[in-house]
1. On alpha carbon coordinates alone, what is the Rg over Rh value for the stretch 143-185, Rh being the Kirkwood radius?
2. If r is the Cβ-Cβ distance from Lys171 to Ala74 and R0 is 25 Å, what FRET efficiency results, to the nearest 0.05?
3. Leaving out ligands, DNA and RNA, and with a 1.4 Å probe, what % of the accessible surface on the stretch 48-139 is carbon or sulfur?
4. Find out how many positive minus negative residues lie around Val142, taking Lys and Arg as positive, Asp and Glu as negative, among other residues whose Cβ is under 12 Å from that of Val142.
5. Tally Lys and Arg at +1 and Asp and Glu at -1 over the other residues with C-beta under 10 Å from the C-beta of Val153: what net charge comes out?
6. Under a plain spin-label model, where a point goes 7 Å from the Cα along Cα-to-Cβ, how far apart in nm are Gln24 and Lys63?
7. What percent do you get for the relative contact order of the stretch 68-185 when only Cα pairs under 8 Å and 6+ apart count?
8. Once fully extended, how much extra length lies between Ser164 and Arg45, figured as 0.36 nm per residue of separation less the alpha-carbon to alpha-carbon distance?
Amino acid sequence: MRKIFILAAFLFCLTSTRAESPSQFTKRFFHSLYKWEIRGAPDAREINQLSPLLGKGLIKIFKKAESQKAREQASIKRKYKNAPHPPVLKSAWSKEGDLFASIAESFDTFAVGIPILKSGTVKVPVHLEYLVSRPPYRWTIVLVLDRSDQDWVVSDILNQDGESLRTSLTKTIAENEAYLSSLNE
């Protein structure tokens, strides 16, 4: 019996040391964002890169945005195919700004705050800095993490005003549907 207990304790320690903490996951997530330099809504390639780090809800929203972008481009080509200089329309899903950091540029440095477990999710404050401006611009966002099997994933991001990225993107998708309909008239 004692051997079984020791083996169980060893296996528990082995698996618990291999599991990533919310803070470790958050560091890995922001190191990846910094390295990949994703701007605007992620395209199909970037969605594939991000998919192990994002919850299904965010992935679904980003795929919908990518679909809308493709529909918009096709509609513009179709509507203005004979025009000598078709209008350049700025998509709601342009490759500008950093959606994940809630800023037009991006971040230069980050520090992970203390995770808070609440209602089955973990909220991790992330303190960001943009150093190019003088004085440096500092702000805090909150990653909302959920579990996907044994791994952490980002289910939402709350900006410095507490507004949800998922809610904002869902609203933009709905508003963009009306615009896309007008292109097909």
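The values are calculated or read from the model by the stated rules, or taken from the named source; none is laboratory data. None of these values were measured; they are calculated from a predicted model. Cβ coordinates were reconstructed from backbone atoms using ideal geometry, including for glycine residues, and neighbour counts include every protein chain displayed. Protein only, heavy atoms only, side chains kept; ligands, DNA and RNA dropped before computing areas. Shrake-Rupley method; radii C 1.70, N 1.55, O 1.52, S 1.80 Å.
1. On the way: Rg = 15.2 Å, Rh = 12.4 Å.
Ratio of gyration radius to Kirkwood radius: 1.22.
2. Details: r = 23 Å, r/R0 = 0.94.
For Lys171 and Ala74, the calculated efficiency is 0.60.
3. Whole-percent figure for carbon plus sulfur exposure: 58.
4. Details: positive: Lys118, Lys123; negative: Asp156, Asp161, Glu163.
My count for the surroundings of Val142 gives -1.
5. Numbers: positive: Lys56, Arg147; negative: Asp146, Asp149, Asp151.
After counting each charged neighbour, the total is -1.
6. With each label point 7 Å from Cα toward Cβ, the separation is 3.0 nm.
7. Values: 156 pairs, mean separation 24.6, N = 118.
Averaging sequence separation for qualifying contacts and normalising by length gives 21 percent for the stretch 68-185.
8. On the way: separation 119, 0.36 × 119 = 42.84 nm, distance 2.40 nm.
My answer for the length gained is 40.4 nm.
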